Amino acid sequence: MTRRNLIVAAAVGSVVVGLGALVGLARHFGVLREDDDDDAGQEGLIRGLRASKVSLQEGLTASEREGQPIAGKFEVERGKLQLSVYTAKDGKFSEVLVDPADGNVAKVEPITKADDLATAQSQSAAMTSAKISLKDAVDKALGEAAGAHVVGVIPNLKEGHPVASVVFLKGERFTIVQQPLD
């Protein structure tokens, strides 16, 4: 999954509401398309989430040692489930890979590509005006989706207010809940 998809999802979330936002975010999280990877489409993501021993919230917490979490998602990369959390610290951005089996930080990579940096800056701007953390936003949104697996969370600014788009999987169905961050 490319960072370009993340930019599109953030733009869609802040400009378009309703079905357009749902489609843009669902594409970002890979729930409406099949990846080129073996077993990496919707079915692979569903299987991986069900087998994961770590929640997105635990991944957000684990990544805090690398900076403020500004977005996070489960995804299938090269046929394997991974938990990616994007962080900001001292004006620099990183992708923190958290092992979905044990919750430990497996790898930290600096974000250096121009389009990836633009996405991270946009997410960081949304979190700068947030009054609650992404973890707290996910916890609040989960109250509306009891029994669901959290797939990911992306902050954006909507009419000047920070909002987190939280993607859930319940059964075989993906849904998105907009959770205010202010």
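So which residues in the stretch 40-83 are surrounded by fewer than 21 Cβ atoms within 10 Å (Cβ to Cβ) and acidic (Asp, Glu), if there are any at all?
Glu43, Glu58, Glu64, Glu66, Glu77
Any residue at all in the stretch 140-156 that's among the polar types (S, T, N, Q), part of a strand (DSSP E or B) and under 17 Å from the mean Cα position of the chain (by Cα)?
yes
List the pairs whose first member sits in the stretch 68-82 and is of a type in the set (A, V, I, L, M), whose second member is modelled with pLDDT of 95 or more and part of a strand (DSSP E or B), and whose Cβ atoms are under 6 Å apart, counting only residues at least 6 apart or on separate chains?
Ile70/Tyr86; Ile70/Ala88; Ala71/Tyr86; Ala71/Ile154
Here is a yes/no grid of residues against (1) farther than 15 Å from Phe168 by Cα; (2) modelled with pLDDT of 50 or more; (3) in a loop (DSSP other than H, G, I, E, B):
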| residue | (1), (2), (3) |
| --- | --- |
| Leu6 | yes, no, no |
| Val12 | yes, no, no |
| Val23 | no, no, no |
| Arg33 | yes, no, yes |
| Arg47 | no, yes, no |
| Glu64 | yes, yes, no |
| Ile70 | yes, yes, no |
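Answer yes or no as to whether Ser165 is closer than 28 Å to Glu43 by Cα, among the polar types (S, T, N, Q) and modelled with pLDDT of 95 or more.
It is true that Ser165 is closer than 28 Å to Glu43 by Cα, among the polar types (S, T, N, Q) and modelled with pLDDT of 95 or more.
Name the pairs whose Cβ atoms lie under 6 Å apart, with the first residue in the stretch 46-63 and on the phi < 0 side of the Ramachandran plot, the second of a type in the set (S, T, N, Q), and 6 or more positions between them or separate chains?
Ser63/Thr87
Could you tell me whether Thr119 is in contact with a Lys or Arg (Cβ under 6 Å, 6 or more places away or on another chain) and of a type outside the set (Asp, Glu)?
For Thr119, the condition - in contact with a Lys or Arg (Cβ under 6 Å, 6 or more places away or on another chain) and of a type outside the set (Asp, Glu) - is met.
The values are calculated or read from the model by the stated rules, or taken from the named source; none is laboratory data. All figures in this text were calculated on a predicted structure; none of them were measured in a lab. Positions of Cβ are generated from backbone atoms using ideal geometry, with glycine treated the same way; all protein chains shown enter the neighbour counts.
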